[in-house]
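Visitor: There's a structure below that I have some questions on.
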Amino acid sequence: MFIAIPVCNNKLDLHFGHCKEFSIIKIDPKTQKILSRENVKAPPHEPGLLPPWLAKLHVNIVIAGGMGQRAKELFTKQDITVLVGAPQLSPEELVGKYLKGTLICGENCCDH
């Protein structure tokens with residue numbers, strides 16, 4: 001399992017579509033433990049580009065602060081689950097909470 005989180009200064013970047021890099025975190029599905037974390041430079045902003053790009057990186061889940069409805073639909077078409085309204089924490093904190101079932105997502109902070 002791979003989880004992608006847009007980051008800036010090692011915290012969740014609330015500007016998903018315009019973030020400069022993503023943390024890609026590999027999870028062992030049996031043990032539910034983090035196996036690795038790699039930060040990858042995001043491609044230039046272009047509508048509709050991120051869902052297939054992240055799918056090629058084997059991402060199954062995206063944790064975001066906010067995301068537009070159209071982007072969420074495009075991720076669904078790539079079989080990628082999207083969680084929006086996540087708090088501005090480090091990728092390890094977010095994934096740890098997700099794996100424990102304690103990640104509380106609030107309102108989607110994107111309005112388009």
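Visitor: I'd like the full set of residues that are in a helix (DSSP H, G or I) and touching a residue at least 40 places away in the same chain (Cβ under 8 Å), limited to region 11-28.
Guide: Phe16, Gly17, listed by residue number.
Visitor: Please tell me if Arg37 is among the charged types (D, E, K, R) and not in a strand (DSSP E or B).
Guide: No, not satisfied.
Visitor: Can you tell me which residue in region 29-40 is surrounded by the fewest Cβ atoms within 10 Å (Cβ to Cβ), limited to those that are aliphatic (A, V, I, L, M) and touching a residue at least 12 places away in the same chain (Cβ under 8 Å)?
Guide: Among those that are aliphatic (A, V, I, L, M) and touching a residue at least 12 places away in the same chain (Cβ under 8 Å), it is Val40.
Visitor: Residue pairs, Cβ under 8 Å, 6 or more apart or interchain, first in region 63-81 and under 21 Å from Leu99 (Cα atoms) and of a type in the set (Asp, Glu), second in a loop (DSSP other than H, G, I, E, B) and modelled with pLDDT of 90 or more. List them.
Guide: So the pair list comes out as Asp79/Asn60.
Visitor: Here's something else I'd like to know. I want to confirm something. Restricting to region 41-56 and keeping residues that are in contact (Cβ under 8 Å) with a residue 12 or more places away in the chain and closer than 19 Å to Cys8 by Cβ, which single residue is surrounded by the most Cβ atoms within 10 Å (Cβ to Cβ)?
Guide: Leu50
Visitor: Within region 10-27, restricting attention to residues that are out of contact with any helix residue (DSSP H, G or I) (no Cβ under 9 Å at 6 or more places or on another chain) and at pLDDT 95 or above, which residue is farthest from Asn60 (Cα to Cα)?
Guide: The extreme case among them is Glu21.
Visitor: How many of the residues making up region 53-74 are in contact with a Leu (Cβ under 8 Å, 6 or more places away or on another chain) and not aliphatic (A, V, I, L, M)?
Guide: 2
The values are calculated or read from the model by the stated rules, or taken from the named source; none is laboratory data. Here the structure is a predicted model, which means the values were calculated and not measured. Positions of Cβ are backbone-derived with ideal geometry, glycine not excepted, and every protein chain shown enters the neighbour counts.
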